[in-house]
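Undergrad: Pasting a structure below so you can have a look.
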Amino acid sequence: MQVPPAQRPPVVVARPRSPLDGHPHLIAAMRAIDAQIAQLRAARNGDDGFGGHRQRAIELALQARAQVFHAAVFADRHP
């Protein structure tokens, strides 16, 4: 016998654990970097794009983001 959809228990899908879980300061840093990247991508200065410096700043921010993530991974592996 099939149970009507309204009577079925809700399906709970667990979110996989992130290395950032338990590191609120690293989460805040990631959010700040993401906001910086968004601001840099939104910036416009004619066709030259700030002489390539804006793009370089984005690349460095992405590297910083990766380092924050690696810091969380390291912290999880070396409590």
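Undergrad: What are the ³J(HN,Hα) values, in whole Hz, obtained from phi via the Karplus relation 6.51 cos²θ - 1.76 cosθ + 1.60 with θ = phi - 60°, for each residue of segment 67-79 in sequence order, with x given for Gly and Pro?
TA: Running phi through 6.51 cos²θ - 1.76 cosθ + 1.60 with θ = phi - 60° gives 5, 4, 4, 5, 4, 5, 4, 4, 4, 5, 7, 10, x Hz.
Undergrad: Taking neighbour counts of Cβ atoms within 10 Å as a proxy for exposure, in what order, fewest first, do His78, His53 appear?
TA: Details: His78 6, His53 12.
Sorted ascending by nearby Cβ count, the order is His78, His53.
Undergrad: Treat the count of other C-beta atoms within 10 Å as a stand-in for reagent exposure and order Val11, Val73, Val68 from fewest to most. Mind showing how you got there, number by number?
TA: Details: Val11 5, Val73 12, Val68 19.
Exposure proxy ranking, most exposed first: Val11, Val73, Val68.
Here, each number is a calculation from the coordinates, and none is a lab measurement. Not measured: the values here are computed from a predicted model. Counting neighbours? That spans all protein chains shown, and the Cβs are built from the backbone with ideal geometry, glycine included.
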